[in-house]
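> Mind looking over this structure? Questions follow.
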Amino acid sequence: MHRGSAVAFGLASLLMTCGVFAVAPAQGSTQNVRTLLNSLPVSPEHQGGYDRSLFKHWITQNGCTTRQDVLIRDAISGKPSGCTVVDGRWYSTYDGVTTSSSRTFDIDHEVPLKEAWDSGAWRWTPEKRKAFANDLGYVNSLIAVSASSNRSKSDRDPAEWMPPNSSDTCRYLKAWVGVKYRWRLAVDSREKSSILGLLRNCPEQMQLPDLA
């Protein structure tokens, strides 16, 4: 929901490769999801070295922890009070579960930490990994979902796992592409092929994320 300024390097590079010069898309513009996906580097996943502790979270931001901030943002009812939501209710778009107990919900990295590591974050500084793990600057980076659906997903990509709630398919795929675009993470060939296939029945346009 929060937007910063950025230059869409990947899109410009893609268009220049095709012999077309284009001005970088404006902040807050919409783009074709396949164009964004095709702008990502394609590379085999990095093997080894991952540890969850390499991505420090949840840190305190705006006076609350990142987890608390996401629970406040994603509540479908209730009244924020400090870092909690009084009489709050939450809806897990992955599986359609609704709860009034935030303890039963996890905050999921839509692109899992291990997936990020394998896709390029292994090169990052600790500060950049911390920023990724606590990213409140793009609404699709983090999401409150049922603990069971989060554990089911684990660190798998769309070639291996998709939300059991089929109505969430298009949103989830666009979120995945958006996060990878925002952080300039790579996709592997199987992952990219699966996403392209799954996007067949989805609306083409999506909000262009700012680059982190």
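The values are calculated or read from the model by the stated rules, or taken from the named source; none is laboratory data. In this text the structure is predicted, and so the values were computed from the model without any measurement. Note that each Cβ is placed from the backbone with ideal geometry, even for glycine, and that neighbours are counted across all protein chains shown.
> Name the single residue, out of those in the stretch 63-107 being assigned to a helix (DSSP H, G or I) and over 28 Å from C170 (Cβ atoms), that is nearest to the chain's Cα centre (by Cα).
Applying the first criterion (assigned to a helix (DSSP H, G or I)) to the stretch 63-107 yields 66-74, 102-104.
With over 28 Å from C170 (Cβ atoms) added as a condition, the list becomes 68, 103.
Details: Q68: 18, R103: 22 Å.
Per the stated criteria, the residue is Q68.
> Determine, yes or no, whether E204 is farther than 21 Å from D69 by Cα and surrounded by fewer than 20 Cβ atoms within 10 Å (Cβ to Cβ). Full working, then the answer.
Values: farther than 21 Å from D69 by Cα: yes; surrounded by fewer than 20 Cβ atoms within 10 Å (Cβ to Cβ): yes.
It is true that E204 is farther than 21 Å from D69 by Cα and surrounded by fewer than 20 Cβ atoms within 10 Å (Cβ to Cβ).
> Show the residue pairs meeting these rules: Cβ distance below 9 Å; 6+ apart or different chains; first residue within the stretch 190-212 and free of Cβ contacts under 8 Å to residues at least 40 places away in the same chain; second residue of a type in the set (S, T, N, Q).
Listed by first residue and then by second, the contacts come to E191/S119; N201/T169.
So that you can scan it fast, the table gives a plain yes or no per residue for (1) farther than 22 Å from T66 by Cα; (2) touching a residue at least 24 places away in the same chain (Cβ under 8 Å):
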residue	(1), (2)
V145	no, yes
W161	yes, no
C170	yes, yes
V179	no, yes
R182	no, yes
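> Look at V23 and say whether it is modelled with pLDDT under 95, β-branched (V, I, T) and exposed (fewer than 13 other Cβ atoms within 10 Å of the Cβ). Spell out how you get there, then give the answer.
Numbers: modelled with pLDDT under 95: yes; β-branched (V, I, T): yes; exposed (fewer than 13 other Cβ atoms within 10 Å of the Cβ): yes.
Taking the combined requirement at face value, the residue satisfies it.
> Give the stretch 30-55 a look and list any residue that's part of a loop (DSSP other than H, G, I, E, B) and exposed (fewer than 15 other Cβ atoms within 10 Å of the Cβ), or say none.
Step one: filter the stretch 30-55 for residues part of a loop (DSSP other than H, G, I, E, B), giving 40-41, 43-51, 55.
Those that are part of a loop (DSSP other than H, G, I, E, B) and exposed (fewer than 15 other Cβ atoms within 10 Å of the Cβ): P41, S43, P44, Q47, G48, G49, D51.
> Take the residues of the stretch 117-152 that are of a type in the set (D, E) and within 13 Å of K180 (Cα to Cα): which is nearest to the chain's Cα centre (by Cα)? Walk me through how you get there before you give the answer.
At the first step, the residues of the stretch 117-152 found to be of a type in the set (D, E) are 118, 127, 135.
After this cut, where a residue has to be within 13 Å of K180 (Cα to Cα) as well, the list is 118, 135.
Working: D118: 15, D135: 9 Å.
Within the stretch 117-152, the match that is nearest to the chain's Cα centre (by Cα) is D135.
> Restricting to the stretch 86-98, give me the number of residues that are under 15 Å from V70 (Cα atoms) and either out of contact with any helix residue (DSSP H, G or I) (no Cβ under 9 Å at 6 or more places or on another chain) or free of Cβ contacts under 8 Å to residues at least 24 places away in the same chain (or both).
Just the residues of the stretch 86-98 that are under 15 Å from V70 (Cα atoms), to begin with: 86, 88-93.
Of the ones still in play, those that are also either out of contact with any helix residue (DSSP H, G or I) (no Cβ under 9 Å at 6 or more places or on another chain) or free of Cβ contacts under 8 Å to residues at least 24 places away in the same chain (or both) are 86, 88-89, 91.
Qualifying residue count, the stretch 86-98: 4.
> So is K174 more than 15 Å from I107 (Cα to Cα) and under 15 Å from the mean Cα position of the chain (by Cα) or not? Step through it out loud before you land on a result.
Details: more than 15 Å from I107 (Cα to Cα): yes; under 15 Å from the mean Cα position of the chain (by Cα): yes.
Yes: the conditions hold for K174.
> Determine, yes or no, whether A175 is surrounded by fewer than 17 Cβ atoms within 10 Å (Cβ to Cβ), under 19 Å from A133 (Cα atoms), touching an Asp or Glu at 6+ places or on another chain (Cβ under 7 Å) and of a type in the set (A, V, I, L, M, F, W, C). It would help to see each step written out before you state the result.
Numbers: surrounded by fewer than 17 Cβ atoms within 10 Å (Cβ to Cβ): no; under 19 Å from A133 (Cα atoms): yes; touching an Asp or Glu at 6+ places or on another chain (Cβ under 7 Å): yes; of a type in the set (A, V, I, L, M, F, W, C): yes.
No, not satisfied.
> Of S148, S92, S77, S100, which residue is buried (at least 17 other Cβ atoms within 10 Å of the Cβ) and either among the charged types (D, E, K, R) or touching a strand residue (DSSP E or B) at 6+ places or on another chain (Cβ under 8 Å) (or both)? Don't jump to the end; show me each part of the working.
On the way: S148 fails: buried (at least 17 other Cβ atoms within 10 Å of the Cβ); S77 fails: buried (at least 17 other Cβ atoms within 10 Å of the Cβ); S100 fails: buried (at least 17 other Cβ atoms within 10 Å of the Cβ).
From the options S148, S92, S77, S100, the qualifying one is S92.
> Another one. Looking only at the stretch 124-179, count how many residues are in a loop (DSSP other than H, G, I, E, B) and either under 19 Å from H46 (Cα atoms) or not hydroxyl-bearing (S, T, Y) (or both). Even if it seems obvious, please write down each step before you answer.
Here is the first cut: in the stretch 124-179, the residues in a loop (DSSP other than H, G, I, E, B) are 124-125, 134-141, 154-165.
Going one step further and asking which of them are either under 19 Å from H46 (Cα atoms) or not hydroxyl-bearing (S, T, Y) (or both), we end up with 124-125, 134-137, 139-140, 154-165.
Summing the residues that are in a loop (DSSP other than H, G, I, E, B) and either under 19 Å from H46 (Cα atoms) or not hydroxyl-bearing (S, T, Y) (or both) in the stretch 124-179 gives 20.
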